Amino acid sequence: MQLVLGASQASTSLAMQYCESTVRPMAKQTAPAVDAGSDQDRDHGEDIRQQIRWEDEPLPAYGSWLQQVASTVVGVPRRSPRPGDQAVIYAILISPACAWGVDLAVRIGAAQWLKNGSWGSERAIVDPCSPPDSLRNAFLDIDERLARNLRALSNSYSMHFHSTPTVHTLCRKAGSGDMLLEMVGTGRARMERGKIFSIGNERALRCSWRRGDELRERIAPKRSYGYTPDCDDNLWYLHAEVAEGLVILSKPALYIDLNKGLIGPLSGVDERAIDILHRAPGLATRDVQATHQLLKPLMPQLADPPPELNALCEGDEEDNDTTSAQAVFFCIDGTVTLNANSWNSNWQRPGQALLPLVGYGDVILPLQDRSPATYRDRDGMFRSRDLCYEQELRNQLSSLGLIRSHWDIRFTHANTDDARLKDEHSAFLYIGDLNPRSREPKSDRHGSFPLPHEILTRLRAAGWKQIDHHGQLHEPTVLRAETWQAVVEDGEESESGWFDLALGITVGDERIDALPLLRQLVELDEDSIRHLPRHGDRNEQRVLLGIDDDRLLSLPLDQVIDLYQTLLELFTRDQRGLRLSVWDFDAADAVARLSGGSFNNHRFQTLHHELRQLANRGHDAVSPPQGLQADLRPYQWDGVRWLQTLRRLGLGGLLADDMGLGKTVQTLAHLQIEHESGRLHQPALVIAPVSTLGNWRRECQRFTPDLSTHIHHGPQRSATWNNVSKLQVVITSYATLYRDQKHFAQQEWSVIVCDEAQALKNPNSQQGRAIRELRAGQRLALTGTPMENHLGELWSLMHWLEPGLLGSQAQFDRSIRKPIEKDGDRVRQQSLARRIAPVLLRRSKELVLHELPARTDIVHHLEMGREQSTLYESIRAAMDEQVRAAIAAKGLARSTLEFLEALLRLRQVCCHPPLIPTKRAQACSKSAKLDFLKELLPNLLEEGRRILLFSQFTSLLDHIAVLCQDLYIPMVRLDGRTRNRQAAIDSFQQGEVPLFLISLKAGGIGLNLTRADTVILTDPWWNPAIEQQAIDRAHRMGQTDPVFVHRLIIRGSVEERVVELQDKKRSLASGLYGDDGQALATLSDDDIAALLKPLESDS
């Protein structure tokens, strides 16, 4: 066939083959074959196609190109579906939501076009995102996209048995209205086994005030798809209407006309107005006018209230004077049944329930979920209830963790004769962290379910009044606290620094246990404490805490806040007791203030004093060992004295000096002192990365030649193991230790030193577990970056050095890590810094090495060319959609892999496009960074510079190595594939080559490369500690020349945003090593959006 354009369109003919195709191939050329499209597009296409005729001629060689041109310019003529064509069908399911609106759900299936001109029965598709092979061809591109977006947007539900299809609910979700119109636009959206919907024109929404009886009896049954509203005859309701249709509660809101088969937009409707309309409660007559004035700016289509409402309002003001409401409760005993809806696994315990009531004068009414708007007073007159206040009371009960008795958790009261207790669903229970559907626990932890005193205290603070079973007001007795008693006792964990603590309060001749009082503060925040019930004169600032059902204790507010801020972390895991750690200076100070300034336990007092001295850098006096062949700097002697003080106290330590400050020589001096004093009865074990084993042996031979040293590594290592016990220092790698852990675990070690202790930062790693099984008199960790990513790494290190210092991992995460990382709590951050100060020593180069040569940082902001930037933006857009869909479907925490993949791809494009294994990326020959290095490297070498070039991508180093060959630049390389690492290091250090290509993972730690005076960082990462490690290979003790650091950053790209996020990591680390750091806000939705936003440009 031949396509010929009329003379008015072109003076020449275009020929192309019009291939008879199925729905799917045709849809790939233009819009879907059965898509009705917009009226304007359809008319424009028909005007053009009137001048097109198709003639039979052979297809020329360039026919496919002509076909593409014609499709792009005028579009391929659409054809109607033919019998047997298969396509996706969107079944629209309707459920009433209110008197004037409906919720919609969508079920995706497939159907065939029948000879009678309609779609046949729908074939179920369980998961539209992964359809069966037999139906895959029925999905056009638009169908695949809609299926993915539906999954991300909706609350999908499906039993997933056999062929049960997934149903996607669209009610009140952002973007659901636009998605629904897109489905209707395909021409394949229909009522369940009904006619096809079309897109209708805009219609106006009319809003009005209707009284309950009118709404229920006359309006709703006619317009609401069979929905009958539950309305109070005496209240007024907001009502919405659309001519010949119902409102769809989507965003944006639409209408549906079932008679004409239309779905279309509403004109001039604010999305917020639909939410307000749907949630609007019934209003008393007196409140309608004020509410109307409030809503009018948001809902201009809202009609004025009917004239008769003004007369009713005046009568209501005369006849219905309102009485203020008062929240009331009383407690009842009975039986709590959990998992009550199960016939074979329910279980019971005795318990208490709270019955909430609301009082209007002398009338007390039950507080129910659906309370009527009026009540009868003692004279039989109807009075209005304060429904907003009653809803606030229900919210208060929920916020306290109280659960209403219902199907799965049922309360049965003992007194069945009390009329107030007839409705068992009015009772509220407290079951703590149990699930109502949980099975009976094996332990007796949940022996009963009483109402905690702290909940009753908080209710009283919120203004609730307690009554007894006779309806009389219950006023508990108030006791005034006099003195506190604190008793510190040795416990099961005293060896690890944890002591049992008993707190009591003296009132007259009675001693009251403070533990139940502290439990009342656990679930409160500081603001809630300040709003506890007050007692006494305002100037006294005293608050009340519940002792039992009949007594309250009056305490000074500042004392309660002090308890809250310092002592709540002292609870044991089961909250049955208190523990005090010698490491917790803040808590110890608080206990001392309560008990008069001293401790009754001499052991605790002594150890606590020693730790305070250590935290204040009060170190033991130490004489230089005779066998040390080194002149230590003053700060290095301070480090040796600190290590010796730790040894005397039986403590481990974390030496966290900056790279290049001599952590190795300080450790060797400590071992030499132990050897000369006769305390090195067993060998010391040094565990280090493979790349630094040789350096440790050389340093030992250089500085401490008296210490016999052996490297346990390599294939012949087992032959020398029997001589280990006769040595002073054994050096091994982390991997070797893991392989030979049985041998190492059998040997007693005097000191264990973990150099570059990254293996200990993951408490669940195999190497970390192997190290924790070793026995040693002292444990030391050396690392310039004790925390790289999060505070959990610091806990893991400290847990190995001093178990118990930071408590259990769960306790640490709850009370320290989350407040600091999530909430930015600087008080907790400073408290943590004080706690770890005795066993952590860190000095920066700026602080102690005043003679260190200058370091100059130079940031090169590079611009990508057109080809590279186009590739970047196309990948960014695709990955952004993929990440957002994953977050919407699984949440941020479970979308880590998708996000990291997106970040990896964007960083690879910035570095060098061919790093990405796709044809388009491989074909992109332009690279801003390689082009820049082509100019930078020769210029630096002409100046006599000796260069370390770091990258995280070994594949990028491959391309840079080829570039160096083209430029005739001699170089050596160090990465995970390098066999003879020391030969490469020596070649550079001895001046044989001027350029050293290094991967961050293989050479970022443990190397001394002071021959270099220039560092090039080709790609940034958001962990600044990793980059600092690389720079410190050259800028360290022993360097005599100024060091220049060059950073290559692509302007406006993800790399610039990674650099911005580095500041957050730096502030968290500095907050632990000093008192002036800010806390880290972990990666948030805004951070992800910033990282994946489009490429910025100055043009």
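A few remarks follow.
- Entry remark, segment 944-982: residues being part of a loop (DSSP other than H, G, I, E, B) and within 16 Å of A1034 (Cβ to Cβ) number 3 in total.
- Leading residue by the ranking (nearest to R775 (Cα to Cα)) among those in segment 649-676 that are surrounded by fewer than 19 Cβ atoms within 10 Å (Cβ to Cβ) and at pLDDT below 90: G650
- V106 at pLDDT 85 or above and under 36 Å from the mean Cα position of the chain (by Cα): yes
- Of residues in segment 318-344 being small (G, A, S) and either within 22 Å of E392 (Cβ to Cβ) or touching an Asp or Glu at 6+ places or on another chain (Cβ under 7 Å) (or both), the one modelled with the highest pLDDT: A327
- Residue in segment 773-783 that is out of contact with any strand residue (DSSP E or B) (no Cβ under 8 Å at 6 or more places or on another chain) and either closer than 21 Å to A630 by Cα or crowded, with 18+ Cβ neighbours inside 10 Å (or both) present: no
- Complete set of residues in segment 920-929 that are surrounded by fewer than 20 Cβ atoms within 10 Å (Cβ to Cβ), assigned to a helix (DSSP H, G or I) and touching a residue at least 24 places away in the same chain (Cβ under 8 Å): R920, A921
- Where helices (runs of 4 or more DSSP H) sit wholly within segment 787-837, those with at least 1 residues that are within 18 Å of D586 (Cα to Cα) and within 17 Å of the chain's Cα centre (by Cα) occupy 818-821.
- Extreme residue, modelled with the highest pLDDT, among residues of segment 993-1026 that are assigned to a helix (DSSP H, G or I) and not β-branched (V, I, T): L1000
- Count of residues meeting criterion [under 48 Å from the mean Cα position of the chain (by Cα), surrounded by fewer than 19 Cβ atoms within 10 Å (Cβ to Cβ) and polar (S, T, N, Q)] in segment 717-735: 1
- Among the residues of segment 210-268, the ones that are at pLDDT below 80, charged (D, E, K, R) and not in a loop (DSSP other than H, G, I, E, B) come to 7 in all.
- Restricting segment 886-916 to residues that are within 22 Å of V1059 (Cα to Cα) and charged (D, E, K, R) leaves a set whose member that is surrounded by the fewest Cβ atoms within 10 Å (Cβ to Cβ) is E901.
- Tally of residues being touching a Leu at 6+ places or on another chain (Cβ under 6 Å), of a type in the set (A, V, I, L, M, F, W, C) and either surrounded by fewer than 20 Cβ atoms within 10 Å (Cβ to Cβ) or over 25 Å from H608 (Cα atoms) (or both) across segment 810-848: 1
- Residue within segment 116-129 that is in a strand (DSSP E or B), of a type in the set (S, T, N, Q) and modelled with pLDDT of 55 or more present: no
- Residue ID - modelled with the lowest pLDDT, chosen from residues in segment 274-312 that are part of a helix (DSSP H, G or I) and among the charged types (D, E, K, R): E308
- Segment 964-992, subset surrounded by fewer than 16 Cβ atoms within 10 Å (Cβ to Cβ) and of a type in the set (A, V, I, L, M), residue farthest from A1012 (Cα to Cα): L967
- Pairs with Cβ under 7 Å, 6+ apart, first in segment 763-781 and in the same structural domain as Q682 (by TED's automatic domain parsing), second part of a loop (DSSP other than H, G, I, E, B): G768/N762; Q778/G652; R779/G652; L780/G652
- Screening V1058 against (1) in contact (Cβ under 8 Å) with a residue 24 or more places away in the chain; (2) hydrophobic (A, V, I, L, M, F, W, C); (3) in a loop (DSSP other than H, G, I, E, B) leaves a single unmet condition, (3).
- Candidates are the residues of segment 1027-1043 that are farther than 14 Å from I947 by Cβ, of a type in the set (D, E, K, R) and in a loop (DSSP other than H, G, I, E, B); the one that is nearest to the chain's Cα centre (by Cα) is D1032.
- Residue within segment 557-570 that is modelled with pLDDT of 75 or more, loosely packed, with under 13 Cβ neighbours inside 10 Å and not assigned by TED's automatic domain parsing to the domain that holds A837 present: yes
- Count of residues meeting criterion [modelled with pLDDT under 70 and part of a loop (DSSP other than H, G, I, E, B)] in segment 408-432: 6
- The set of residues in segment 703-728 that are at pLDDT below 90 and in a helix (DSSP H, G or I) comprises R717, S718, A719, T720, W721, N722, N723, V724, S725, K726.
The values are calculated or read from the model by the stated rules, or taken from the named source; none is laboratory data. Remember, it's a predicted structure, so these values are computed and weren't measured experimentally. A quick note on method: Cβ atoms are made from the backbone with ideal geometry, for glycine too, and the neighbour counts reach across all protein chains shown.
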